[in-house]
1. For the range 191-213: of the residues being of a type outside the set (D, E, K, R) and without any contact (Cβ under 8 Å) to a residue 40 or more places away in the chain, which is surrounded by the fewest Cβ atoms within 10 Å (Cβ to Cβ)?
2. Here are some residues: 326, 363, 375. Which one is at negative phi, more than 24 Å from the chain's Cα centre (by Cα) and without any contact (Cβ under 8 Å) to a residue 24 or more places away in the chain?
3. Can you say whether residue 282 is within 20 Å of residue 326 (Cα to Cα), among the β-branched types (Val, Ile, Thr) and at pLDDT 95 or above, as far as the supplied structure shows?
4. For the range 54-74, what are the residues that are closer than 15 Å to residue 31 by Cα, outside any loop (DSSP other than H, G, I, E, B), in contact with a helix residue (DSSP H, G or I) (Cβ under 8 Å, 6 or more places away or on another chain) and open to solvent by 70 Å² or more (accessible area, probe 1.4 Å)?
5. When you go through (1) modelled with pLDDT under 95; (2) in contact with a strand residue (DSSP E or B) (Cβ under 8 Å, 6 or more places away or on another chain); (3) open to solvent by 20 Å² or more (accessible area, probe 1.4 Å); (4) farther than 21 Å from residue 150 by Cα one by one for residue 224, which number turns out not to apply?
6. Taking into account only those residues within the range 160-171 that are under 22 Å from residue 240 (Cβ atoms) and hydrophobic (A, V, I, L, M, F, W, C), which is surrounded by the fewest Cβ atoms within 10 Å (Cβ to Cβ)?
7. With the checklist (1) open to solvent by 60 Å² or more (accessible area, probe 1.4 Å); (2) of a type in the set (Ser, Thr, Tyr); (3) closer than 20 Å to residue 43 by Cβ in hand, flag the one item residue 127 doesn't pass.
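The values are calculated or read from the model by the stated rules, or taken from the named source; none is laboratory data. The model shown is predicted, which means the values in this text are computed figures rather than measured ones. Neighbour counts run over all protein chains shown; Cβ positions are idealised from the backbone, glycine included. SASA here: full protein model, heavy atoms, side chains in, ligands and nucleic acids out. Shrake-Rupley method; radii C 1.70, N 1.55, O 1.52, S 1.80 Å.
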Amino acid sequence: MPASAPVPASAPARPRRAATPLISPSLASQVNRARVLQSLYDIGPLSRSDLARLTGTTRAAIGTIVQPMIDSGILAEGDPRSSGASGGKPARPLWFSPSGPSIAAVHLLPGHVKAAMVSAAGEILATAEDRFRPDGTDPDAVVETVLACLERVLPSRGTPPMGVGIAVGGMVDTDTGTVVKVNLAPVLDGLPLGPLLSRRLDLPVYLDHHPRVQALGDRWFGQARGVQSFASLYLADVLGVGLVLDGAVQRGQAGAGGEIGHTVVELDGRECECGRRGCWETIATDRWLRDEAVRLGLPAAPSMTAGSLARLAARDHPGAADLLDRFARNISVGIVNLQQILAPGLFILHGNAIAGGDAFRRRIEEHVGSRIPQRAPGPPQIVFAEANDHVTALGAAGLVLSHTLRLIA
């Protein structure tokens, strides 16, 4: 029959297909639970009515979401608050239970282990540190070092922790809990750390790339509370970036995404620790800064950081101000690329770079602003994290919370 021919009147009507929901009830429950918890982290103790108003749902729905978390000891109801002139039943604010299960957190850097016990409210309860040989040949010794650190912070009695979250300063496979590669600590390469620790501790263990965990800490407990999109940078001997877009940490397949420090910014640039040339990391880390300080003959060049260089520049030491400006420019290059591609708008810098102070931060911001087109909502904001903010440990705790409560993070 030609396409233009009319359909005969006797043709049977096509059966109407049942409508497919755009979002499954299970996913809707996860989304709502995430919104409730994020509201608590962003604002503080809130009543069921407060949460219903903020999340745009009913008080009954809020009750369905929060009751299982009360029953499991994660949340607790506070003392009744006066309902004021309006009268009615006094509201009872919800907050994280001080007696609820805690979370173990580990930050694994080349040669260095930091462990912490964290409450669901983001309070650091205990810490421990130890060191290992990054160029060693015995990965089992590293596992024992991590376990020894954890044993010093794990509670000796009472409710066991929800699990262990680990931030790894290198490439990880988030699906298998395996360290894929750490350029500065080859002893960790290929180590199935998650399964090994889980069997020894009889606890769930979750691994992720350090900057992504750091970004999660910023989102839930740090300077990005209430912010839907931002980038969290770590700048020291290595460079890493955790990206949060529309409230979700960007990981890629099996956690392979986010290696932004190894994006190419100079086609024929310096050789990187990864074996390639011209990576952003080759011009925007402390290693580049030390090399340049040695070449210029600056004082204490082999241990140079942004902080010590900023102090030299403040004293008008020859060459110091120029080097500090070049370092700021090099850091800005990758930020400009990120802003042009994804426009996170807010960049939070962690690591040794923050010791450069506000003058250094302004230099970075000025270089970024001069290299991007001016458009709404204005130039990106560059902020420095607070020193010793424990944000990576807090993010590792958030990693466990995300998996345990099946949040989208």
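1. Restricting to residues being of a type outside the set (D, E, K, R) and without any contact (Cβ under 8 Å) to a residue 40 or more places away in the chain, the top hit is 195.
2. Details: 326 fails: without any contact (Cβ under 8 Å) to a residue 24 or more places away in the chain; 363 fails: without any contact (Cβ under 8 Å) to a residue 24 or more places away in the chain.
Checking each option against the conditions leaves just 375.
3. Details: within 20 Å of residue 326 (Cα to Cα): yes; among the β-branched types (Val, Ile, Thr): yes; at pLDDT 95 or above: yes.
Here the answer is yes, as residue 282 does meet what is asked.
4. Hit for the range 54-74 is 54, nothing else.
5. Residue 224 satisfies all of (1) modelled with pLDDT under 95; (2) in contact with a strand residue (DSSP E or B) (Cβ under 8 Å, 6 or more places away or on another chain); (3) open to solvent by 20 Å² or more (accessible area, probe 1.4 Å); (4) farther than 21 Å from residue 150 by Cα except (3).
6. As a first pass, look at the range 160-171 and keep what is under 22 Å from residue 240 (Cβ atoms): 164-171.
Then keep just the ones that are hydrophobic (A, V, I, L, M, F, W, C); that gives 164, 166-168, 171.
Working: 164: 26, 166: 28, 167: 29, 168: 28, 171: 20.
For the range 160-171, the residue satisfying everything is 171.
7. If we test residue 127 against (1) open to solvent by 60 Å² or more (accessible area, probe 1.4 Å); (2) of a type in the set (Ser, Thr, Tyr); (3) closer than 20 Å to residue 43 by Cβ, just (3) comes out false.
Residue-by-condition table, conditions (1) among the polar types (S, T, N, Q); (2) at pLDDT below 90; (3) outside any loop (DSSP other than H, G, I, E, B):
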residue: 13; (1), (2), (3): no, yes, no
residue: 16; (1), (2), (3): no, yes, no
residue: 22; (1), (2), (3): no, yes, no
residue: 26; (1), (2), (3): yes, yes, yes
residue: 32; (1), (2), (3): yes, yes, yes
residue: 38; (1), (2), (3): yes, yes, yes
residue: 52; (1), (2), (3): no, no, yes
residue: 89; (1), (2), (3): no, yes, no
residue: 99; (1), (2), (3): yes, yes, no
